[in-house]
1. Given the condition open to solvent by 30 Å² or more (accessible area, probe 1.4 Å), of a type outside the set (Ser, Thr, Tyr) and farther than 25 Å from residue 87 by Cα, answer yes or no: does some residue in the stretch 3-12 qualify?
2. Please verify whether residue 59 is of a type in the set (A, V, I, L, M) and touching a residue at least 40 places away in the same chain (Cβ under 8 Å), treating the condition exactly as stated.
3. Can you name the number of the only condition in (1) of a type outside the set (A, V, I, L, M); (2) part of a loop (DSSP other than H, G, I, E, B); (3) open to solvent by 90 Å² or more (accessible area, probe 1.4 Å) that residue 45 fails?
4. Among (1) assigned to a helix (DSSP H, G or I); (2) over 15 Å from residue 7 (Cα atoms); (3) of a type in the set (Lys, Arg), where does residue 51 come up short?
5. Hey, can you tell me all the residues within the stretch 54-67 that are farther than 21 Å from residue 1 by Cβ, in contact with a Lys or Arg (Cβ under 9 Å, 6 or more places away or on another chain) and of a type in the set (A, V, I, L, M, F, W, C)?
Amino acid sequence: MERLLLYVHFNKFNQISEHVLYQLEKMRPLFRKVIFISNSKISQDQADELKKELVDEVLLRKNIGFDFAAWRDGMKKVGFEELKSYDSVTLMNDTCFGTFVGFRAYIPRF
(Lines give C-alpha, C1' and ligand atoms only; values in the text may rest on other atoms or scores of the structure.)
Protein backbone atom coordinates (compact mmCIF):
# COMPACT_ATOMS: atom_id res chain seq x y z
CA MET A 1 0.00 0.00 0.00
CA GLU A 2 1.37 3.39 -1.03
CA ARG A 3 0.70 5.95 1.69
CA LEU A 4 1.50 9.65 2.02
CA LEU A 5 1.58 11.54 5.31
CA LEU A 6 1.24 15.33 5.35
CA TYR A 7 2.17 16.31 8.91
CA VAL A 8 1.53 19.91 10.00
CA HIS A 9 3.51 21.45 12.83
CA PHE A 10 3.18 24.66 14.82
CA ASN A 11 5.06 25.77 17.92
CA LYS A 12 4.95 29.35 19.16
CA PHE A 13 8.54 28.97 20.42
CA ASN A 14 9.73 27.78 16.98
CA GLN A 15 10.84 24.41 18.35
CA ILE A 16 9.96 20.80 17.62
CA SER A 17 8.52 19.09 20.70
CA GLU A 18 9.53 15.62 21.81
CA HIS A 19 6.04 14.23 21.15
CA VAL A 20 6.34 15.34 17.51
CA LEU A 21 9.63 13.47 17.12
CA TYR A 22 8.05 10.42 18.76
CA GLN A 23 5.06 10.50 16.43
CA LEU A 24 7.22 10.89 13.35
CA GLU A 25 9.48 8.05 14.46
CA LYS A 26 6.48 5.74 14.83
CA MET A 27 4.73 6.90 11.67
CA ARG A 28 7.77 6.83 9.35
CA PRO A 29 7.74 3.06 8.65
CA LEU A 30 4.05 3.15 7.72
CA PHE A 31 4.31 5.67 4.88
CA ARG A 32 6.17 5.72 1.59
CA LYS A 33 6.51 9.49 1.84
CA VAL A 34 6.31 11.85 4.83
CA ILE A 35 6.20 15.61 4.36
CA PHE A 36 6.69 17.78 7.43
CA ILE A 37 4.98 21.15 7.02
CA SER A 38 5.89 23.73 9.63
CA ASN A 39 3.93 26.90 10.28
CA SER A 40 6.72 27.96 12.69
CA LYS A 41 10.11 29.47 12.07
CA ILE A 42 12.16 26.37 12.83
CA SER A 43 15.86 26.52 12.06
CA GLN A 44 17.45 24.99 8.99
CA ASP A 45 19.40 22.73 11.38
CA GLN A 46 16.12 21.40 12.80
CA ALA A 47 14.77 20.82 9.29
CA ASP A 48 17.95 19.04 8.22
CA GLU A 49 17.86 16.83 11.31
CA LEU A 50 14.29 15.77 10.52
CA LYS A 51 15.29 14.83 6.97
CA LYS A 52 18.03 12.50 8.18
CA GLU A 53 15.60 9.77 9.24
CA LEU A 54 12.08 10.94 10.00
CA VAL A 55 10.73 12.74 6.93
CA ASP A 56 11.33 12.96 3.21
CA GLU A 57 10.72 16.67 2.83
CA VAL A 58 10.29 19.75 5.00
CA LEU A 59 8.09 22.60 3.88
CA LEU A 60 8.49 25.86 5.84
CA ARG A 61 5.68 28.35 5.50
CA LYS A 62 4.08 31.33 7.22
CA ASN A 63 1.25 30.54 9.62
CA ILE A 64 -1.45 31.77 7.26
CA GLY A 65 -4.56 29.69 6.73
CA PHE A 66 -3.68 27.32 9.57
CA ASP A 67 -3.72 23.55 9.06
CA PHE A 68 -5.98 23.44 6.01
CA ALA A 69 -3.83 25.85 4.02
CA ALA A 70 -0.72 23.97 5.17
CA TRP A 71 -2.12 20.64 3.94
CA ARG A 72 -3.05 22.34 0.64
CA ASP A 73 0.52 23.62 0.31
CA GLY A 74 1.81 20.13 1.04
CA MET A 75 -0.41 18.71 -1.70
CA LYS A 76 0.85 21.36 -4.10
CA LYS A 77 4.45 20.47 -3.21
CA VAL A 78 3.79 16.79 -3.95
CA GLY A 79 1.88 17.68 -7.08
CA PHE A 80 -1.67 16.68 -7.81
CA GLU A 81 -0.61 14.17 -10.46
CA GLU A 82 1.69 12.40 -7.98
CA LEU A 83 -1.08 12.42 -5.35
CA LYS A 84 -2.99 10.04 -7.63
CA SER A 85 -0.25 7.44 -7.17
CA TYR A 86 -1.00 7.03 -3.46
CA ASP A 87 -3.61 4.66 -2.05
CA SER A 88 -4.09 7.00 0.90
CA VAL A 89 -3.18 10.51 1.97
CA THR A 90 -3.18 11.08 5.72
CA LEU A 91 -3.59 14.62 7.03
CA MET A 92 -2.23 14.97 10.56
CA ASN A 93 -1.10 17.75 12.84
CA ASP A 94 1.01 17.90 15.94
CA THR A 95 -1.94 18.46 18.26
CA CYS A 96 -2.87 14.79 17.82
CA PHE A 97 -1.46 12.85 20.76
CA GLY A 98 -1.07 9.08 20.73
CA THR A 99 -1.60 6.44 20.06
CA PHE A 100 -0.02 4.90 23.08
CA VAL A 101 -0.35 1.33 21.83
CA GLY A 102 1.28 1.97 18.47
CA PHE A 103 0.18 3.28 15.10
CA ARG A 104 0.91 0.08 13.21
CA ALA A 105 -2.40 -1.47 14.31
CA TYR A 106 -4.47 1.47 13.05
CA ILE A 107 -2.97 2.95 9.89
CA PRO A 108 -3.59 -0.11 7.65
CA ARG A 109 -7.30 0.12 8.51
CA PHE A 110 -7.62 3.63 7.07
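1. The answer is yes, given that some residue of the stretch 3-12 is open to solvent by 30 Å² or more (accessible area, probe 1.4 Å), of a type outside the set (Ser, Thr, Tyr) and farther than 25 Å from residue 87 by Cα.
2. Working: of a type in the set (A, V, I, L, M): yes; touching a residue at least 40 places away in the same chain (Cβ under 8 Å): no.
Here the answer is no, as residue 59 does not meet what is asked.
3. (2)
4. All conditions pass for residue 51, except number (2).
5. 58, 59, 60
The values are calculated or read from the model by the stated rules, or taken from the named source; none is laboratory data. Worth saying up front: this structure is predicted, and the values here are computed from it rather than measured. Note that we place each Cβ from the backbone using ideal geometry, even for glycine, and neighbour counts take in every protein chain shown. Side chains included, ligands, DNA and RNA excluded: accessible areas come from the protein's heavy atoms. Shrake-Rupley method; radii C 1.70, N 1.55, O 1.52, S 1.80 Å.
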